[in-house]
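The structure appears right after this line, and notes come after that.
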């Protein structure tokens, strides 16, 4: 998973980044002197921004304190930290989360908020542009200038945001429920995403990683029989190369994968990739993902206005990706949760 930043198996340089963060005074890392029920919780992935977040943290801290006052801060060290801390913080009364990390850290924090057992519709998730892709920030309108994004936190109102709930078979075959904001992909797009995050050096490349990971998948992947049931209606079957269900219009480090998607309309949009020649897919279709031009291709179809989507595949190995992480395989059910959380309103 991308959100953790575990020390194990990292390069020497990356480990030095973690150690640098640990030498920041204790009150800057995880200030237990501040009451755990404090309104705002800051979750920091020191390995974000290609490992530069640890060095940038003093600047971020000063800016955040100027905007929000005293901070309750925790640094992630491994996958799952942000989820655990967010869940604990909500149960202690925290109502706002500021996340300094990539989309993986934001996703972990979101899942912690929603697993707390507390009504999350009153909670605010404030992603900051501190990662490589920053797709969440782009999708909800957060300025990509960190100073502008932070300075506005204390003055901007909040607005409701939809969340996608995904129920599927995990990689080990056990049932899994996860939540996401950006994109649920299956089939070839999910396989490409897996390859793009297969190594730490690939993750650092942002959208370039998806460009490099695309040819091996496109040139070997075949369309698979996929059953699709919309809002409980009888299922229909199509041969699909893959598909993308969107909460936000962009993904993959800024690509306009599902341009019509809106984050607060209470509905799902899905792009389906039908049968297409491999060379045509590689040279004509995939390059258009960056500007949304793929929607005009005859093998691509767009569905809008859905509240739930059930997906089943004739191939038990059809992968599912959520917000840039491989979370399991089909079958899967994707449901929109309208107004599930709040985000700062930068409109």
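The values are calculated or read from the model by the stated rules, or taken from the named source; none is laboratory data. All values reported here derive from a predicted model rather than from experimental measurement. Counting neighbours? That spans all protein chains shown, and the Cβs are built from the backbone with ideal geometry, glycine included.
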Exercise for review: Could you tell me which of the residues 96, 16, 39 is surrounded by 17 or more Cβ atoms within 10 Å (Cβ to Cβ) and either closer than 24 Å to residue 179 by Cβ or modelled with pLDDT under 95 (or both)?
Suggested key: 96
Review point. Considering only segment 242-278, how many residues are without any contact (Cβ under 8 Å) to a residue 24 or more places away in the chain and under 15 Å from residue 214 (Cα atoms)?
Key: 1
Practice item. Please determine, by comparing only the residues of segment 72-86 that are more than 18 Å from the chain's Cα centre (by Cα) and surrounded by fewer than 21 Cβ atoms within 10 Å (Cβ to Cβ), which one is farthest from residue 122 (Cα to Cα). Key: 77
Practice item. Name the residue, out of 185, 105, 121, that is crowded, with 21+ Cβ neighbours inside 10 Å, outside the structural domain of residue 321 (by TED's automatic domain parsing) and either closer than 16 Å to residue 44 by Cα or touching a residue at least 60 places away in the same chain (Cβ under 8 Å) (or both). Key: 105
Practice item. Answer yes or no as to whether residue 271 is in the same structural domain as residue 216 (by TED's automatic domain parsing), modelled with pLDDT of 95 or more, under 24 Å from the mean Cα position of the chain (by Cα) and not in a strand (DSSP E or B). Key: no
Check your understanding: In the set 253, 232, which member is modelled with pLDDT under 90 and assigned to a loop (DSSP other than H, G, I, E, B)?
Key -> 253
Study note, to complete from the structure: Within segment 289-303, restricting to residues that are farther than 17 Å from residue 221 by Cβ and either part of a loop (DSSP other than H, G, I, E, B) or touching a strand residue (DSSP E or B) at 6+ places or on another chain (Cβ under 9 Å) (or both), the one that is modelled with the lowest pLDDT is 290
Exercise for review: Test each condition in (1) over 17 Å from residue 64 (Cβ atoms); (2) touching a helix residue (DSSP H, G or I) at 6+ places or on another chain (Cβ under 9 Å) for residue 97 and report the one that comes out false.
Suggested key: (1)
Check your understanding: (1) more than 21 Å from residue 264 (Cα to Cα); (2) modelled with pLDDT of 95 or more; (3) surrounded by 16 or more Cβ atoms within 10 Å (Cβ to Cβ): which one isn't true of residue 207, the others all being true?
Key -> (2)
Practice item. Within segment 103-147, work out how many residues are in a loop (DSSP other than H, G, I, E, B) and farther than 24 Å from residue 66 by Cβ. Key: 7
Revision key, fill the gap. Filtering segment 124-136 down to residues that are surrounded by fewer than 24 Cβ atoms within 10 Å (Cβ to Cβ) and in contact with a strand residue (DSSP E or B) (Cβ under 7 Å, 6 or more places away or on another chain) yields 124
Study note, to complete from the structure: Counting only residues that are surrounded by 15 or more Cβ atoms within 10 Å (Cβ to Cβ) and outside any loop (DSSP other than H, G, I, E, B), segment 235-250 contains a total of 7
